[in-house]
Amino acid sequence: MYILRSLYFGWVVGVLLFAPWGEIRAQASKKNTVVVIDPGHGGKDTGKEASSDKYLDEKALNLLISQKLGNYIKEKLPEVTVIYTRDKDTFLSLEDRMELANGYKADYFISIHCNSNPDKSVYGTTTHIHRHDLLESKALALHIENEFATRASRKSRGIMDVKQRGHNLYVLQFARMPAVLVECGFISNADEERYLNSDDGQSIIASAIFRAFRTFLQENHPKEDRSKVFRVQVLASEVPVATNDARFKPLDMKVVEMQDEKASKYKYKYAVGQEYTLEDANDLLKKVQKAGFKDAFVITTQ
Ligand SMILES: [Zn+2]
C-alpha cells in the first residue's frame, strides 16, 4: 500500500513538475471529451488590423470570443474539458498550436478568427474545414454556420474546404482530430466591425458556436480517422539537410524530416504534406513532380 501510494505520489509530482500545463493534463485525463479552443494570432501577430483606435485588432477579438465560448462550454457541458492554445496576448506559431492540441490528444479543435477584405461591402461568417470527406469536421462546421444564419441572425457565407480555398490552412491540415476554423465576420466592414467589438455581438457569436458544438456532440457521426497519414517523400540523404534548404524552395511547402534508424545508408528522409486519403496524396505527388522532384513518391506514416 505504502509503495503504491508513494508511486502514485511520485507520478503526480512528476506530472506537475515536468509536464507543461501539468494540472490541465491531470484534469483532462479524468474527463471524457477534450476540446481545444484556439484564439487565432496573438502577441506580435495582430491578425487583421482594426480600422481605428476605438476598435480592437483581430487577435484581441479572437481571444474575447474564444473565452466566452470556453465559458459557455465549461458552464453547460461540465463533462467537456476546455483547453486554450493561449489565454492571453501571446505569440504562438501554428506548429506550437498543433503540437499542443495533438499532444493532448484532444477530441476537437476549434480555431477562432475574424476576416477582412479590401472590398468593405463584404460581410458574413465562414467556417473552414480541411476536406469535405472529413465528416465530423464537416458536420460541426455545418452546425456552426446554421446557428449563425438562424438564431444569431448573421449572414452565413457557408463552409469551405481546401479545394474551394485553393490553399491549405495549417491548423486544419495538421490537426489529428476533427477541426474547424471559424471566421466570425469581417472587421473590414463597418457594421460588422462594430458588432464584433460589442460585448453582445461577441456573446451571440460565441453562443452560436457553443450551441452548434452541443448539438454536434449529441449526434452520432461516422468517425473521422486521422490516425494514418500520407506524405510525399522528396529526398533521402546520408547526412542531415536543413528543412529550409534551397533545394526545397521550388516546393513552397513545409518540409518535415523523418529519421530512419533502420536504414543502412540514407537515414534522413524529407517529405511534404499531410493527407488523409491516397487520392489527396496522389494529387500532391503530381504537384511535387511538377515542381521538379521527379522521383518523389507517396509514403504512409502513423
Ligand atoms: Zn485570422
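Can you spot a residue in the stretch 145-168 that is out of contact with any Leu (no Cβ under 9 Å at 6 or more places or on another chain), of a type outside the set (Phe, Trp, Tyr), under 22 Å from Thr301 (Cβ atoms) and open to solvent by 10 Å² or more (accessible area, probe 1.4 Å)?
Within the stretch 145-168, one or more residues are out of contact with any Leu (no Cβ under 9 Å at 6 or more places or on another chain), of a type outside the set (Phe, Trp, Tyr), under 22 Å from Thr301 (Cβ atoms) and open to solvent by 10 Å² or more (accessible area, probe 1.4 Å).
Tally the residues that are away from the ligand (no atom under 14 Å from the Cβ) and in a helix (DSSP H, G or I), restricting the search to the stretch 94-106.
Taking the stretch 94-106 and keeping what is away from the ligand (no atom under 14 Å from the Cβ), we get 95-96, 98-106.
From what's left, in a helix (DSSP H, G or I): 95-96, 98-103.
Selection size over the stretch 94-106: 8.
When the stretch 228-253 is examined, which residues are found to be among the hydrophobic types (A, V, I, L, M, F, W, C) and at pLDDT below 90? Reasoning before the result, please.
Residues of the stretch 228-253 that are among the hydrophobic types (A, V, I, L, M, F, W, C), as a first pass: 229-230, 232, 234-236, 239, 241-242, 246, 248, 251, 253.
Within the stretch 228-253, just Met253 meets the criteria.
Can you tell me which residue in the stretch 107-137 is farthest from the ligand (Cβ to nearest atom), limited to those that are under 21 Å from Gly201 (Cβ atoms) and of a type in the set (A, V, I, L, M, F, W, C)?
We begin by selecting, within the stretch 107-137, every residue under 21 Å from Gly201 (Cβ atoms); these are 110-117, 120-128.
Imposing the further condition that a residue be of a type in the set (A, V, I, L, M, F, W, C) reduces the set to 110, 112, 114, 122.
Details: Ile110: 14, Ile112: 9, Cys114: 6, Val122: 15 Å.
Step by step, filter the stretch 107-137, then rank; the result is Val122.
Identify the residue in the stretch 254-271 that is within 19 Å of Arg176 (Cα to Cα) and modelled with pLDDT under 95 and, among all such residues, is least open to solvent (accessible area, probe 1.4 Å). First the steps, then the outcome.
At the first step, the residues of the stretch 254-271 found to be within 19 Å of Arg176 (Cα to Cα) are 254-258, 271.
With the extra rule that they be modelled with pLDDT under 95, the set shrinks to 254-258.
Numbers: Lys254: 81, Val255: 12, Val256: 32, Glu257: 74, Met258: 42 Å².
Applying the filter and picking the extreme gives Val255.
Looking at Ser207, Ser264, Ser188, can you tell me which residue is out of contact with any Pro (no Cβ under 7 Å at 6 or more places or on another chain), without any contact (Cβ under 8 Å) to a residue 40 or more places away in the chain and hydroxyl-bearing (Ser, Thr, Tyr)?
Going through Ser207, Ser264, Ser188 in turn, just one is out of contact with any Pro (no Cβ under 7 Å at 6 or more places or on another chain), without any contact (Cβ under 8 Å) to a residue 40 or more places away in the chain and hydroxyl-bearing (Ser, Thr, Tyr): Ser264.
Please give the number of the condition Ser198 fails out of (1) within 17 Å of Gly47 (Cα to Cα); (2) open to solvent by 10 Å² or more (accessible area, probe 1.4 Å).
(1)
Taking into account only those residues within the stretch 193-249 that are under 24 Å from the mean Cα position of the chain (by Cα) and hydroxyl-bearing (Ser, Thr, Tyr), which is nearest to Thr126 (Cα to Cα)?
Out of the qualifying residues, it is Ser207.
Need pairs with beta-carbon distance below 8 Å; first residue within 30 Å of Gly273 (Cα to Cα) and within the stretch 148-175, second polar (S, T, N, Q) and open to solvent by 30 Å² or more (accessible area, probe 1.4 Å); sequence gap 6+ or separate chains.
Close Cβ pairs (under 8 Å, with a partner that is polar (S, T, N, Q) and open to solvent by 30 Å² or more (accessible area, probe 1.4 Å)) amount to Val162/Asn168; Phe174/Asn102; Ala175/Asn102.
From Lys249, Lys228, Lys223, grab the single residue that is out of contact with any Cys (no Cβ under 6 Å at 6 or more places or on another chain), open to solvent by 60 Å² or more (accessible area, probe 1.4 Å) and free of Cβ contacts under 8 Å to residues at least 60 places away in the same chain. Please lay out each step first, then the result.
On the way: Lys228 fails: free of Cβ contacts under 8 Å to residues at least 60 places away in the same chain; Lys223 fails: free of Cβ contacts under 8 Å to residues at least 60 places away in the same chain.
Matching residue, one of Lys249, Lys228, Lys223: Lys249.
Of all residues in the stretch 222-249, which are within 29 Å of His132 (Cβ to Cβ) and not β-branched (Val, Ile, Thr)? If you could, list the steps in order and put the result at the bottom.
In the first step, residues of the stretch 222-249 are kept if they are within 29 Å of His132 (Cβ to Cβ); the result is 222-234.
Those that are within 29 Å of His132 (Cβ to Cβ) and not β-branched (Val, Ile, Thr): Pro222, Lys223, Glu224, Asp225, Arg226, Ser227, Lys228, Phe230, Arg231, Gln233.
Scan the stretch 107-140 for residues that are under 13 Å from the mean Cα position of the chain (by Cα) and open to solvent by less than 10 Å² (accessible area, probe 1.4 Å) and jot them down.
Phe109, Ile110, Ser111, Ile112, Thr127, Ile129, His130, Ser137
In the stretch 35-59, which residue that is outside any loop (DSSP other than H, G, I, E, B) and open to solvent by less than 30 Å² (accessible area, probe 1.4 Å) is nearest to the ligand (Cβ to nearest atom)? Outline the logic, then answer.
Narrowing the stretch 35-59 to residues outside any loop (DSSP other than H, G, I, E, B): 35-39, 42, 45, 58-59.
Those left that are additionally open to solvent by less than 30 Å² (accessible area, probe 1.4 Å): 35-39, 42, 58.
Details: Val35: 19, Val36: 17, Ile37: 14, Asp38: 10, Pro39: 10, Gly42: 10, Glu58: 5 Å.
Ranking the candidates gives Glu58 first.
With the requirement that a residue be open to solvent by less than 10 Å² (accessible area, probe 1.4 Å), of a type in the set (A, V, I, L, M, F, W, C) and away from the ligand (no atom under 16 Å from the Cβ), what does the stretch 62-91 give you?
Hits for the stretch 62-91 are Ile73, Val80, Ile83.
Counting only residues that are part of a loop (DSSP other than H, G, I, E, B) and within 20 Å of Lys163 (Cα to Cα), which one in the stretch 118-142 is modelled with the lowest pLDDT? Outline the logic, then answer.
Filtering the stretch 118-142 for residues part of a loop (DSSP other than H, G, I, E, B) gives 118-124, 129-134.
Checking which are within 20 Å of Lys163 (Cα to Cα) leaves us with 129-134.
Numbers: Ile129: 98, His130: 95, Arg131: 91, His132: 91, Asp133: 88, Leu134: 91.
Among them, the one singled out is Asp133.
The values are calculated or read from the model by the stated rules, or taken from the named source; none is laboratory data. For clarity, every value in this text was computed on a predicted model and none was experimentally measured. Note that each Cβ is placed from the backbone with ideal geometry, even for glycine, and that neighbours are counted across all protein chains shown. Ligands, DNA and RNA are stripped out before the accessible areas are found, and what is left, the full protein with its side chains, is counted by its heavy atoms. Shrake-Rupley method; radii C 1.70, N 1.55, O 1.52, S 1.80 Å.
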